[in-house]
Every structure is written in C-alpha cells, then in structure tokens.
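The values are calculated or read from the model by the stated rules, or taken from the named source; none is laboratory data. What you are looking at is a predicted structure, and each value in this text was computed from that prediction instead of being measured. Cβ placement follows ideal geometry from the backbone for every residue including glycine, while neighbour counts extend to all protein chains displayed. Surface areas here come from the heavy atoms of the whole protein model, side chains and all, with no ligands, DNA or RNA. Shrake-Rupley method; radii C 1.70, N 1.55, O 1.52, S 1.80 Å.
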Amino acid sequence: MAAPQHEAAAGDPTQTVLRNVRISAAPYLPPPLLNAIHITDSYLLVNHASFSSTYCHSEPSVSILSALFSAYIVLRLIQGLQFWWASTTKRSTAHLSGEEDAVLSGLNNKRTDNNSAQDNAAPEFDETVLLCGASGAGKTVLLHCLCNENEGDSWQPPMTTTSLVANVGYISIPSNDIANDESKLKPMTVRLVDYPGHPSLSTKLTSLLLPDQTARIVFAIDATKPVTDGVAILYKSIFTNDQVRKAWKASGKTLSILIVCTKEDDKKAKNHKRMKIQIRNELDRLRKVDAAMEDVTGSGSTSISVAKGKTIDLDDLGPDMPELHFVETGLGRNQGGDNGLEVVLEFVRTGDIIS
C-alpha cells in the first residue's frame, strides 16, 4: 500500500531528503525506536494516505521528528535573543552619562557630628561594613535579613530585583553587647552598605573599599552558580587594586573579608568547602593570566605571591593581603533557624568570627 505513495512522490525533493535522513540515521537508532517508526509510518500511510503524502511527504515519522527539532531550535533562538535583549536594555548607563555619583546617592559618607546643627535624615553611625559581590548573589536579601534580625521567625525577606544604586541599612548594637570595651557607654551603630554588582558600576566601588570608609567587608557569592563573576570582582577590585592595598597597608590594619556562600537552602547549592576550592582555582587562574601578561608586556597586576608549583592558600594570601573567612547561608523562606545568619551578623557587628 505504501509503494504507490513513494512512486507518486518520487520527484519530490523534500521526500528524497527525508528518506535519506531516515536511511542514514537507521544504523544508529535502537531497534525499539526503528520498530516504532515503522509502525507509525505504516499506520499513517495506510489510514491517512492523503495527509501523509500532502503534509509529510510520505515520510511521516521523519517529518514529525524534523518539525519538533526545528521548533526546539527556534525556541532556543528566541530565548537567546530575549536574554541578549534583557542584558543590554537593563544595563546601567550611569557610567556613560557621567552620573556615577547617583550610585552612591543614598550614602552619607561623612560621619554625623553630634554637635552638628544640620538636619540629616541618615542616622549617626560608628562604623561602615561593605556588602558587595556579583549581581544576583543575594546581597540585598542579606541586607534585609541582617537589618531585621529582631523581627522574629514570622518575618520573611522581601522579593528583590537587580540594584543599580547602593542600599543602606543600620544595625544598632547595645552597649552591653560590645565585648571587652568599657569605653563604649552608648549603643554602637554599624552602617551596612549594599553596593550593586553591575560591572558598569564597579568604578565607584574602590572609594568604599578604603580603610577610612569601611571597617570590613561581607562578600556574597551565589553557591548555585559558577564563581567566575564574583571572583573577578574579588581579584580585580580588592586583591590587585593598588589604591586599596596601599591604603590598607598605610593604615596599619588588615582588611577582613567574610565570604558568604548564599542560597545554601537551594538543592543545587555547593557547600562552603567546595566553594572555597572553586574560588581558589579561579583566583589561581586569574593570577596565572596576570603573571603571563606581566612576563610578556610588563603590565600584569598580580600581587598574590605563590611558590612555584603551588596554588593559592586562601588561609594565608601573603603580606599586606586581606584575611578571608568563609560561611554559608540559606535565606530561603520557611527554612527555620538562623541559616548561618548569626555568623554574618556577628562579623558585621564586631568583626569576630563565631567558630
């Protein structure tokens, strides 16, 4: 019954292509699939001969599979175009318009003087802790959780979007919670600055990394995604930034950084030990690239000294380098407990690390 259909359409180039595809693919297909194709073709050619010859070119199975594959390719193409459009239209243009100061518009960079007669909406604060990291790492949610830690278990972090300006929160520390410092007779206030992770806004980050602006850093990295973007900020803006390193060296202080592996409540998240290995490997890759550029052009910026044949030791980055600590947090809804938040909160308040 099928032979007349094939003969009638012998001059159809589409049928020829589909038949050649079927014949070429047959040796690589499992027998059950070949049997299913044979049954489908036989049924459609016998019971729906007109439809098969008109719309399927007498090769029903191959035509259907080809249509599904083409639809998949088109869908992926559309998704790629949507991602490209979103990434270009949502990108900040502050760096192009000369209005980068708008990124820090919510900050009161100067400490408030108790004797000042100015009416300033920003509260008085004693220290600044910088919260930074790549875009989408969960910095703003972490900011809300830290600033609302006394709200109880019923409080839930809000839904957030990509930030294009710095967000500011304040954490008050009662005087009796300030350990081993009898001179603190009044509550201490820590200003927590959440700096946006957009690459186009990174130039203003340096001004907040200096010791006269920040006491320590909380660096957020998404534990469900590759560490590339976050480590690039850590390496370029902090580790190899001459202005930042020289300023901290001149101050006689050591910059302390708490790396927070966020979204640990997600099933796809990696624990902080695995994240530490990936961060070390990515830092080592960037260091080797810089070292190679320095050998060739003399313009490399590597400042992490590592013995030949060794990798970076995150527990000891070398002289005049920051001190790193690691913790993981899961700030999803209805997770219960502190989700690692207690360690972050203690670091923000005092700079200490809870063992």
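Starting from the Cα of K249, step 7 Å along the direction of its Cβ; do the same at V289; then give the gap between the two resulting points in nm.
Label-label distance for K249 and V289, simple model: 2.4 nm.
Explain nothing, just compute: Karplus ³J(HN,Hα) = 6.51 cos²θ - 1.76 cosθ + 1.60, θ = phi - 60°, for every residue of the stretch 284-289 in order, whole Hz, x for Gly and Pro.
Calculated HN-Hα couplings, in order: 5, 5, 5, 5, 5, 4 Hz.
Enumerate the amide H contacts of E328 below 5 Å, restricted to partners 5 or more residues apart or on another chain; note that Pro and chain-start residues carry no placed amide H.
Close amide H contacts, sequence-distant or interchain: C261.
From the phi angles alone, apply the Karplus equation (6.51, -1.76, 1.60; θ = phi - 60°) to the stretch 274-282 and give each ³J(HN,Hα) in whole Hz, x where the residue is Gly or Pro.
Values, residue by residue: 5, 4, 4, 5, 5, 5, 4, 5, 6 Hz.
Using a simple spin-label model with points 7 Å from Cα along the Cα→Cβ vector, what separation in nm is obtained for L68 and N281?
Taking the two extended label points, one gets 3.5 nm.
How do the peptides 219-227, 43-51 rank, highest first, by the average count of neighbouring beta carbon atoms within 10 Å per residue? Walk me through the numbers before you get to the answer.
Details: 219-227: 21.8, 43-51: 14.0.
Most protected by this proxy first, the peptides run 219-227, 43-51.
Under 5 Å between amide hydrogens, which residues at least 5 positions from L255 or on another chain qualify, with H placed 1.01 Å from N in the peptide plane?
E323
Students sometimes get this wrong: rank S200, S251 by accessible area, probe 1.4 Å, all chains present, largest first.
Details: S200 10, S251 50 Å².
In descending accessible area the options line up as S251, S200.
Given R₀ = 45 Å, FRET efficiency for K268-F51 by Cβ-Cβ distance, to 0.05?
Values: r = 45 Å, r/R0 = 0.99.
The calculated FRET efficiency here is 0.50.
Could you sort C147, C56 by their accessible area in this structure, using a 1.4 Å probe and putting the largest first? Before the final figure, lay out each step's value.
Working: C147 45, C56 10 Å².
Order by accessible area, largest first: C147, C56.
Based on the Cβ-Cβ distance from T228 to D320, what FRET efficiency comes out when R0 is 25 Å, to the nearest 0.05?
Details: r = 26 Å, r/R0 = 1.03.
Computed FRET efficiency for T228 and D320 comes out at 0.45.
For D212, what accessible surface area do you get with a 1.4 Å probe? Give it in Å², rounded to 10.
110 Å²
Across the stretch 341-355, in residue order, what do the Karplus-derived ³J(HN,Hα) couplings come to in whole Hz, using 6.51 cos²θ - 1.76 cosθ + 1.60 with θ = phi - 60° and x for Gly and Pro?
The phi angles translate into 5, 4, 5, 5, 4, 5, 5, 5, 6, 10, x, 8, 10, 6, 6 Hz.
I'd like the accessible area for K253, computed on protein heavy atoms only with a 1.4 Å probe and all protein chains in place. Round to 10 Å², please.
120 Å²
Exceeding 30 Å between C-alpha atoms, which entries from my cross-link table qualify? They are K246/K267; K204/K253; K267/K310; K139/K236.
K246/K267; K267/K310
For a protection proxy built on the mean count of beta-carbon atoms within 10 angstrom, sort 234-247, 310-323 highest first, please.
Details: 234-247: 17.9, 310-323: 13.8.
Result, highest mean Cβ count within 10 Å first: 234-247, 310-323.
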